[in-house]
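Colleague: One structure coming up, written as structure tokens, with questions to follow.
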Amino acid sequence: MSYEKVTQVKSRLLIGTKQTLKAMKNGEISEVFIADDADQLMTQKVVNLAEQLDIPCGRVDSMKKLGVACGIDVGASTVAIKRT
């Protein structure tokens, strides 16, 4: 389900941990997705901030599949959906 959701909102995606964290702090994000096979040290910051800001945080199993859902040729550890 999560991969399909990401595919449907490609125009509102932010890909990557740094961009996701920055946009979360600015209140621009409605939901985040994190790949379970990504580096936990990197993604834990996103998980913690999502909990603090009460942003829904979905999990997917694969960085590669998440990257494909975003339309990129590399894996994605975190993806955020911008508010409309």
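Colleague: Being among the charged types (D, E, K, R) and surrounded by 13 or more Cβ atoms within 10 Å (Cβ to Cβ) is the filter here; which residues of region 49-65 pass it?
Modeller: Going residue by residue through region 49-65, those that are among the charged types (D, E, K, R) are 51, 54, 59, 61, 64-65.
Those that are among the charged types (D, E, K, R) and surrounded by 13 or more Cβ atoms within 10 Å (Cβ to Cβ): Lys64, Lys65.
Colleague: Name the one entry in Ser62, Ser11, Ser77 that is of a type in the set (Gly, Ala, Ser), without any contact (Cβ under 8 Å) to a residue 24 or more places away in the chain and out of contact with any Phe, Trp or Tyr (no Cβ under 6 Å at 6 or more places or on another chain). Spell out the reasoning first.
Modeller: On the way: Ser62 fails: without any contact (Cβ under 8 Å) to a residue 24 or more places away in the chain; Ser77 fails: without any contact (Cβ under 8 Å) to a residue 24 or more places away in the chain.
Answer to the check: Ser11.
Colleague: Identify, from the list Asp36, Asp61, Asp54, the residue that is out of contact with any Asp or Glu (no Cβ under 8 Å at 6 or more places or on another chain) and of a type in the set (Asp, Glu). Break it down stepwise before answering.
Modeller: On the way: Asp36 fails: out of contact with any Asp or Glu (no Cβ under 8 Å at 6 or more places or on another chain); Asp61 fails: out of contact with any Asp or Glu (no Cβ under 8 Å at 6 or more places or on another chain).
When all the criteria are applied, what remains is Asp54.
Colleague: Given the criterion buried (at least 18 other Cβ atoms within 10 Å of the Cβ), on the phi < 0 side of the Ramachandran plot and assigned to a helix (DSSP H, G or I), identify the matching residue among Val32, Val68, Val79, Val46.
Modeller: Values: Val32 fails: assigned to a helix (DSSP H, G or I); Val68 fails: buried (at least 18 other Cβ atoms within 10 Å of the Cβ); Val79 fails: assigned to a helix (DSSP H, G or I).
Exactly one of Val32, Val68, Val79, Val46 is buried (at least 18 other Cβ atoms within 10 Å of the Cβ), on the phi < 0 side of the Ramachandran plot and assigned to a helix (DSSP H, G or I), namely Val46.
Colleague: Right, another one. When the residues of region 34-84 are narrowed to those that are charged (D, E, K, R) and within 14 Å of Leu14 (Cα to Cα), which ends up nearest to the chain's Cα centre (by Cα)? Walk me through it before giving the result.
Modeller: To start, the set of residues in region 34-84 that are charged (D, E, K, R) comprises 36-37, 39, 45, 51, 54, 59, 61, 64-65, 73, 82-83.
Now narrow it down to the ones that are within 14 Å of Leu14 (Cα to Cα): 82-83.
Details: Lys82: 10, Arg83: 13 Å.
Selected residue: Lys82.
Colleague: Within the group Leu21, Leu14, which residue is in contact with a Lys or Arg (Cβ under 7 Å, 6 or more places away or on another chain) and within 12 Å of Ile55 (Cβ to Cβ)? Please lay out each step first, then the result.
Modeller: On the way: Leu14 fails: within 12 Å of Ile55 (Cβ to Cβ).
Leu21 is the lone residue from the list that is in contact with a Lys or Arg (Cβ under 7 Å, 6 or more places away or on another chain) and within 12 Å of Ile55 (Cβ to Cβ).
Colleague: When only residues in region 2-29 that are over 14 Å from Arg83 (Cα atoms) and hydrophobic (A, V, I, L, M, F, W, C) count, which is surrounded by the fewest Cβ atoms within 10 Å (Cβ to Cβ)?
Modeller: Result: Ile15.
Colleague: Going through region 49-65 one residue at a time, which ones are not in a helix (DSSP H, G or I) and not hydroxyl-bearing (Ser, Thr, Tyr)? Talk me through it step by step, then tell me what you get.
Modeller: Keep residues of region 49-65 that are not in a helix (DSSP H, G or I), which gives 54-62.
Listed by number, the residues that qualify are Asp54, Ile55, Pro56, Cys57, Gly58, Arg59, Val60, Asp61.
Colleague: Next question, about the same structure. Testing Gly16 on (1) at pLDDT below 95; (2) touching a Pro at 6+ places or on another chain (Cβ under 7 Å), one condition comes back false. Which one is that?
Modeller: (2)
The values are calculated or read from the model by the stated rules, or taken from the named source; none is laboratory data. Model, not experiment: these values are computed from the prediction. Backbone-built Cβ (ideal geometry, glycine too); neighbour counts: all protein chains shown.
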